[in-house]
Each structure stands twice: as C-alpha cells, then as structure tokens.
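The values are calculated or read from the model by the stated rules, or taken from the named source; none is laboratory data. Bear in mind that the values here come from a model prediction, so they are computed numbers and not experimental data. Note that we place each Cβ from the backbone using ideal geometry, even for glycine, and neighbour counts take in every protein chain shown.
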Ligand code: ADP
C-alpha cells in the first residue's frame, strides 16, 4: 500500500447506479493515458469488474508475497483484483458470514502485490452495509485521497448519496466529489439530469461531472470490450476524460497540500 501514490474509493448509496461502470472506466482511462493503475473490486454484493473488462474466466494466484493482480494486457498498466476471481462457480452468490467476509476484505486490502502504482481505484460495496463499513474503515488506515460518490440524477438515489456524504464525514473520509451517472439521454429528455450537480452545490462539494446514458457503454461492459478503443470519438469518452482530469487535478493538489499543510485537501460541509 505504501507504494501506491493515490488511493480513491468509488462509493454509492445504492446498487445499480453505475458505481462499477465509473470505477472501471476511470481506471481504464487512467491506464490509457499511461498511468500505472490498480482496480480493486471489493463489491462483495455484486463483483462485476471482471466481466466489464473481459476477465471473468481468469483466476487469481497467490505468491508468498501476496495475491498477484490479473493484468488486462501485456503492458501491465491496469492490474485487477476482484472477489469474483476467487469464486469457483461464477454464478454462486457470496454468502460468507461476517467474520469470513471481514477477513477476506482485510486480505484483499493488505495482501496484494500491486507494485508501484499511480492510482488504486477501489470499487466498494454499495450503501452502509456491514461490508461497506468494513471496507472503508480498513482503507482509512492507509490514508486514502478520498471518495468519489456516484449518483443517478433521480431523487431516490440522491437521498441515498446524502446518507453516504454524512457517513464519509462521520468516519473522516474526505470527499473528492460527486459524479452524476446516467444523466439524460442524448435523443430525448425523458430522463432527469442535474440532480447530482444540485446536491454537490447544496453540500458545498466539488461536482466532478456527469456521464450520459450510453447504450454502447452498456454493450462494452456486457461484452468486456474496451470502450476507449471501440468509440474513440464519442461524447461519453469526453465526459469520462473530464472526470479523470478532475481526479487527476485533485490528486495533484492533494499531493502538494499534503507536503505543505496537514489540512484535508477537500473541504466537506459542516
Ligand atoms: P453498480 O456498480 O452501481 O451496481 P453498475 O456499474 O454495475 O452499477 O451498472 C449497472 C448497469 O447499468 C450495468 O448494466 C451498466 O452497464 C449500466 N450502466 C451504468 N452506467 C451507464 C451509462 N452511463 N450508460 C448506460 N448504461 C450504464
């Protein structure tokens, strides 16, 4: 963990809002621009990262130094560790009880040979479930940069993210900003938009940007295809690029801040 420059948790108040999609595509984008990236999928409720990256037939191996990440290609820019790699039967639910889950979470966080990384992106379990709390508490020990909160624009998701904001504030996890996913549909106005931006304003938190509903993104996630390679000129890619740039500038400013002051890099609301 001490060889990782930036550790970023991707959180959401509830499942299905696109947390794994955002975590995976941010990691892919950062690797695409030449960063060394680790993607840790500890979403025990629904580990979907391996499928999104076309790695779901892979198995993870353990050396004497710890788990070896599965790399997406020979450049080894993007390494992945997912709870899914450990499940023999891919369709089996993770039904471990508390103590076993907690010890697995600890191992996943402590015992991976990531090597030198620019970014570790962590896809966490949604909501304030037991495992969500275990993951965030465990990661807090390693001085993470903070959390990116994912919401959809609708009120139901927004209210869950409000709970997530107060959870982060209670445990002392800095909030890097809010991302609004599935924000509007290019052809129609039937889906809402702006909820995430308004929430960020109300809570005095940075708004990192929004990602539209893009059926091609779903297709790529389903088929484990690389969206950046398949659709290099899409507007979704521009939106993802803005998100990643927001993260990068936060990471740069927090590095500078941490060497000059002990104040948290991001101000959260009172
Ligand atoms: P979560 O991790 O919050 O449970 P996922 O990332 O697994 O959510 O996304 C749930 C579903 O929504 C997936 O099928 C995913 O492909 C789809 N999805 C997520 N974001 C988008 C988007 N911006 N456009 C289209 N489909 C999306």
Residues within the stretch 231-249 that are over 14 Å from residue 33 (Cα atoms) and within 14 Å of the ligand (Cβ to nearest atom), tallied
5
Of all residues in the stretch 36-62 being more than 23 Å from residue 12 (Cα to Cα) and at pLDDT 90 or above, the one that is nearest to the ligand (Cβ to nearest atom)
54
Go through (1) in contact with a helix residue (DSSP H, G or I) (Cβ under 6 Å, 6 or more places away or on another chain); (2) surrounded by 19 or more Cβ atoms within 10 Å (Cβ to Cβ) for residue 102 and report which single condition fails.
(2)
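Residues being under 20 Å from residue 33 (Cβ atoms), away from the ligand (no atom under 16 Å from the Cβ), assigned to a strand (DSSP E or B) and touching a residue at least 12 places away in the same chain (Cβ under 8 Å): count how many of those fall in the stretch 63-81.
Total satisfying the criteria: 2.
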For residues in the stretch 130-139 being farther than 13 Å from residue 175 by Cβ and within 15 Å of the chain's Cα centre (by Cα), which is surrounded by the most Cβ atoms within 10 Å (Cβ to Cβ)?
135
Give me the residue from the stretch 2-35 that is on the phi > 0 side of the Ramachandran plot and surrounded by fewer than 21 Cβ atoms within 10 Å (Cβ to Cβ) and, out of that set, nearest to the ligand (Cβ to nearest atom).
16
